[in-house]
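**Student:** Just dropping this structure here.
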Amino acid sequence: MKKPFGTLPDGSVASLYTISGGGLTAVISDYGATIVKLFVPDKNGICADVVLGFDNPNDYTASGTFFGAVVGRNANRVKNAAFSLSGKTVQMTPNDNIRNNLHSGPAFYKDRLWTVEKATKSSLRLSLFSPHEDQGFPGNAQIHVTYSLDADSTLRICYDAICDKDTVFNLTNHSYFNLAGHDKPEKAMDQILSMPARFFNPDDAESIPTGELRSVEGTPMDFRTPKPIGRDIDQDYDALVLQGGYDHNFEVFTAPCAILSDPESGRTMSVITDCLGMQLYSGNFLNGETGKDGVRYCKRGGVCLETQFYPDAVNHPEWPQPFTKAGQRYHSETRYRFQF
């Protein structure tokens, strides 16, 4: 089902597409290829929208939250907004802490109207053409994102891309989840998170990884035993103090790489991915944004579980690399599997 979402400043119209499957319903916009709503039943069969978002596209443009959006070509941060590729320096636009780059901005994918290539009852395939030197990256890139709601109550996101020059592909989705319902932001940090990750990336004061892979053992970063997200978030631990909470990449080496649950509603979400990293972000910079249905999203009113290459991997050859050769197909898949 398709319906209008709103008119953009250039006069173009953003649309909403509804897909259903496995007891789930998702509402996705062609503006930013954004997940606007995601309805999941609770243990009593009552559905709630479990992602944060806005009621019109222009609020998405104005906001720096990246609610529900696809991020690319390179998600997360790049130190000094530059890196070397095929013997040449790729210069991006500094848009974070004066000199670094965040999410390949300021020409974000979230602020672009994507093309809907195919819409079915349970899936939506969108595409975006990113020309040579767009965001500073070499090559003309064709990018596809497919959202599917599978019979096993899974939201599946498939990313596919190809470019005519050596380039970077590191795509993710920036949804903020609250399994109690987006309209209950005060309950987000009470939800139980489990992650098998043994290591994480500490960041410096500019949120750039230091290069260290630090053990979670004996630290507030250890989620190998399930615990409420907010239990240790304000501990006097350097990595948490610097970021004002969780905003760190964790290793991914097994599936699921994360399990989030809300005991009160009975909703549980497992994250399965072929990526090697995942950013845990506890919504530290949410600041009372007025979202869907007039809900005010307070600080830490949602949690992001963003699958990715390690942040600033382009400047760390010792880590898995997001570089893709000319003509080589990029594919990545992340599944959010719900139980209720």
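All of the numbers you see were taken from the coordinates with simple rules; none came from a lab. Owing to the predicted nature of the structure, the values given are computational and were not obtained by experimental measurement. As a convention, Cβ positions derive from the backbone with ideal geometry for all residues, glycine included, and neighbour counts pool all protein chains shown.
**Student:** Kindly flag which residue pairs out of 3/325; 37/299; 79/292; 2/292 have an alpha-carbon separation exceeding 29 Å in this structure.
**Tutor:** Too far apart for the 29 Å limit: 3/325; 79/292.
**Student:** Starting with the fewest neighbours, write out 254, 61 ranked by other beta-carbon atoms found within 10 Å of each beta-carbon.
**Tutor:** Arranged by neighbour count, lowest to highest, 254, 61 become 254, 61.
**Student:** Computed FRET efficiency, Cβ-Cβ of residue 199 and residue 231, R0 25 Å: what is it to the nearest 0.05?
**Tutor:** 0.75
**Student:** Putting +1 on Lys and Arg Cβ atoms and -1 on Asp and Glu Cβ atoms, find which of 277, 266, 197 reaches farthest to the positive end of the dipole of the chain.
**Tutor:** 266
**Student:** Using Cα extents along the principal axes in Å as the read-out, say which of (1) 59, 51, 43; (2) 58, 50, 34; (3) 68, 43, 37 was calculated from these coordinates.
**Tutor:** (2)
**Student:** For a quick check: sort 114, 319 by the number of other beta carbons within 10 angstrom, fewest at the front.
**Tutor:** Lowest to highest Cβ neighbour count: 319, 114.
**Student:** Can I ask one more? Tally Lys/Arg at +1 and Asp/Glu at -1 over every other residue whose Cβ is under 12 Å from the Cβ of residue 233; what's the total? Could the numbers behind the result be given before it?
**Tutor:** Details: positive: 227, 231, 299, 300; negative: 190, 232, 234, 236, 247.
Every neighbour counted, the sum reads -1.
**Student:** Tell me, 268, 219 in order of fewest to most beta-carbon neighbours within 10 Å?
**Tutor:** By the 10 Å Cβ count, ascending, the order reads 219, 268.
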